[in-house]
Amino acid sequence: MSQSKLEQVLDLIDQANREDPNRETGDDGAEWPKEHLYAVRMSDMLERFDPQADEVMQIAIRAQHIERWKSPRSDYPMNKKGYHLWRTNLYKFHADTVAALMEKAGYDEQSIERVRNAVGKKSLRTNPDTQLLEDIAGLVFIEHYMQAFADKHPEYDEAKWIDIILKSWRKMSDKAHDFALSGKLKLPEPLVPLIQKALASA
């Protein structure tokens, strides 16, 4: 049985991300290519948060970090300007990379442009595709990466952590806020008091 266009492009994204030389331990205890694990977690969260999402958004969510290791932060000046330039170029790199894979799979220009805009983080707040991607990214960060980030930065005080939590929270929609606080999201237990304190101050 031949693959659908969706299956084909998701396979191409996964093949690309399996080339990541960086490794991370998944929830199953196995070693995964870092960005492939992230992509699978993004898709899993989309299925939990918005199971009716169309195939264009399934592609965008899966490709959010496609081949991220090819554009390392260390290639840019280690200051605020360098950080913003890296992020801007990274969004374009991700958008261009997945657009090429979609074209290969036979998608129309309108679908490709939707994915480009979402992955490129265009028009957050006014583009529902970009907002959905940002919601999924925020929920995945909270459930899977916030604790590890905290462990890497023991020097951060409470005020710094409240600022980090609120920055992520403000990018997310009310629907994502409700989902995060509904018990459907696994919150990092040691950080729950800090999360509650940050949200109380919002």
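Residue-wise test of (1) at pLDDT 95 or above; (2) closer than 19 Å to Glu55 by Cβ; (3) surrounded by 20 or more Cβ atoms within 10 Å (Cβ to Cβ).
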| site | (1), (2), (3) |
| --- | --- |
| Lys80 | no, no, no |
| Phe93 | yes, no, no |
| Val98 | yes, yes, yes |
| Glu103 | yes, yes, no |
| Glu109 | yes, yes, no |
| Asn117 | yes, yes, no |
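Give the stretch 175-184 a look and list any residue that's in a helix (DSSP H, G or I) and open to solvent by 90 Å² or more (accessible area, probe 1.4 Å), or say none. Give the steps one after another, and end with the answer.
Taking the stretch 175-184 first, the residues in a helix (DSSP H, G or I) are 175-181.
Lys175, Asp178, Leu181 - these are the residues of the stretch 175-184 that are in a helix (DSSP H, G or I) and open to solvent by 90 Å² or more (accessible area, probe 1.4 Å).
When Arg125 is evaluated against the numbered criteria (1) open to solvent by 70 Å² or more (accessible area, probe 1.4 Å); (2) within 20 Å of Arg170 (Cα to Cα); (3) of a type outside the set (Ser, Thr, Tyr); (4) in a helix (DSSP H, G or I), which criterion, by number, is the only one it fails?
Going through (1) open to solvent by 70 Å² or more (accessible area, probe 1.4 Å); (2) within 20 Å of Arg170 (Cα to Cα); (3) of a type outside the set (Ser, Thr, Tyr); (4) in a helix (DSSP H, G or I) one by one, Arg125 breaks only (4).
Hey, among the residues in the stretch 138-167 that are within 26 Å of Asp28 (Cβ to Cβ) and at pLDDT below 90, which one's surrounded by the most Cβ atoms within 10 Å (Cβ to Cβ)?
Within the stretch 138-167, the match that is surrounded by the most Cβ atoms within 10 Å (Cβ to Cβ) is Met146.
Looking only at the stretch 44-61, which residues are in a helix (DSSP H, G or I) and open to solvent by less than 40 Å² (accessible area, probe 1.4 Å)?
Met45, Leu46, Phe49, Val56, Met57, Ile59, Ala60, Ile61
From the list Leu191, Leu187, which one is surrounded by 11 or more Cβ atoms within 10 Å (Cβ to Cβ), assigned to a loop (DSSP other than H, G, I, E, B) and aliphatic (A, V, I, L, M)?
Working: Leu191 fails: assigned to a loop (DSSP other than H, G, I, E, B).
Only one candidate passes the filter, namely Leu187.
Looking only at the stretch 64-78, which residues are open to solvent by 70 Å² or more (accessible area, probe 1.4 Å) and not in a loop (DSSP other than H, G, I, E, B)?
Residues satisfying the conditions are Lys70, Ser74, Asp75.
The values are calculated or read from the model by the stated rules, or taken from the named source; none is laboratory data. Note that this is a predicted model, so its numbers are computed, not measured. All Cβ positions, glycine included, derive from the backbone under ideal geometry; neighbour counts span all protein chains shown. Heavy atoms of the whole protein, side chains included, go into the accessibility calculation; ligands, DNA and RNA do not. Shrake-Rupley method; radii C 1.70, N 1.55, O 1.52, S 1.80 Å.
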